[in-house]
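Taking it in order: structure first as structure tokens, then the write-up.
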Amino acid sequence: MARRAQKDAEHTRARILASALSLFAKKGYDHTTFTDIAARLKMTKGAVYWHFDSKEALIVALVDEMLVKFQRQIADLMPKDGLTFNAIAEMMVKNAGMIVEDPRGSAFFMLMKTQMKWRDASMSHVREELLSNHRFGPLQAFADAVRNDVREGRVRPGVSPEQVAFTCIAVWDGLVQSRIDRFLPCDLGETLRNAYRAVWESIRAK
């Protein structure tokens with residue numbers, strides 16, 4: 001009986017998170033209330049509060065859930081034969097495709113990009129949780145890959161792995177957003193590959 005009750009509670013919690021993500025992405029975090037979330041699920045507001053004692057706790061749980069999902073995707077795509085710039089670049093091309101083809105992934109991406117007021121004091125804890133979460137690790141993977149390429153003589157000495165990594169993630173971030181916004185008129189994967197080829201040409205050993 002207790003096991004059934006726990007499964008029911010987990011199912012309800014998952015439904016609340018899914019409803020919150022949809023509403024946050026459409027209305028914005030600030031303009032969505034627990035009443036909105038409960039009404040969408042035909043639940044009472046008290047039932048939502050039973051699972052999450054504040055909207056901040058809900059968004060933290062949502063961030064955590066989605067980062068776990070993205071981390072699993074990255075782990076599945078991570079090169080098994082050592083990290084190189086080109087292998088990580090191809091990994092991120094594939095991951096971009098997975099995000100834009102997944103409605104929940106796209107909704108979460110745009111929520112984080114456009115619907116959160118990160119400067120608000122109420123968002124400081126959420127921002128800290130997001131920035132300190134190292135499970136979603138493409139930034140580190142790019143930096144480690146460039147270090148490996150430097151050691152193997154594929155990248156010229158003096159290149160900053162951190163600067164290359166930030167550049168690559170910024171390119172990825174902007175192109176994924178453009179694709180979700182339907183602003184990118186060409187193929188996302190090929191555009192990313194072209195961008196990463198340009199970065200590679202700027203850092204490789206001649």
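Data table
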item	result
Candidates 72, 40, 15, filtered to the one that is loosely packed, with under 14 Cβ neighbours inside 10 Å and either of a type in the set (S, T, N, Q) or assigned to a helix (DSSP H, G or I) (or both)	72
Close pairs from the range 98-123: first not assigned by TED's automatic domain parsing to the domain that holds residue 74, partner at pLDDT below 75 and of a type in the set (Phe, Trp, Tyr), Cβ under 9 Å, at least 6 apart	none
Criterion (of a type in the set (D, E, K, R), surrounded by fewer than 19 Cβ atoms within 10 Å (Cβ to Cβ), farther than 30 Å from residue 200 by Cα and touching a residue at least 24 places away in the same chain (Cβ under 8 Å)) met by exactly one of 65, 10	65
Scan of the range 79-99 for residues that are within 16 Å of residue 147 (Cβ to Cβ) and of a type in the set (A, V, I, L, M), ordered by number	83, 87, 88, 89
Considering residues of the range 27-37 that are assigned to a helix (DSSP H, G or I) and surrounded by fewer than 14 Cβ atoms within 10 Å (Cβ to Cβ) only, the residue modelled with the lowest pLDDT	27
Unique residue being on the phi < 0 side of the Ramachandran plot, modelled with pLDDT under 90, surrounded by 16 or more Cβ atoms within 10 Å (Cβ to Cβ) and more than 14 Å from the chain's Cα centre (by Cα) when the list is 111, 184, 130	184
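The values are calculated or read from the model by the stated rules, or taken from the named source; none is laboratory data. If you're wondering where the values come from, they're calculated on a predicted model, not measured in any experiment. As a convention, Cβ positions derive from the backbone with ideal geometry for all residues, glycine included, and neighbour counts pool all protein chains shown.
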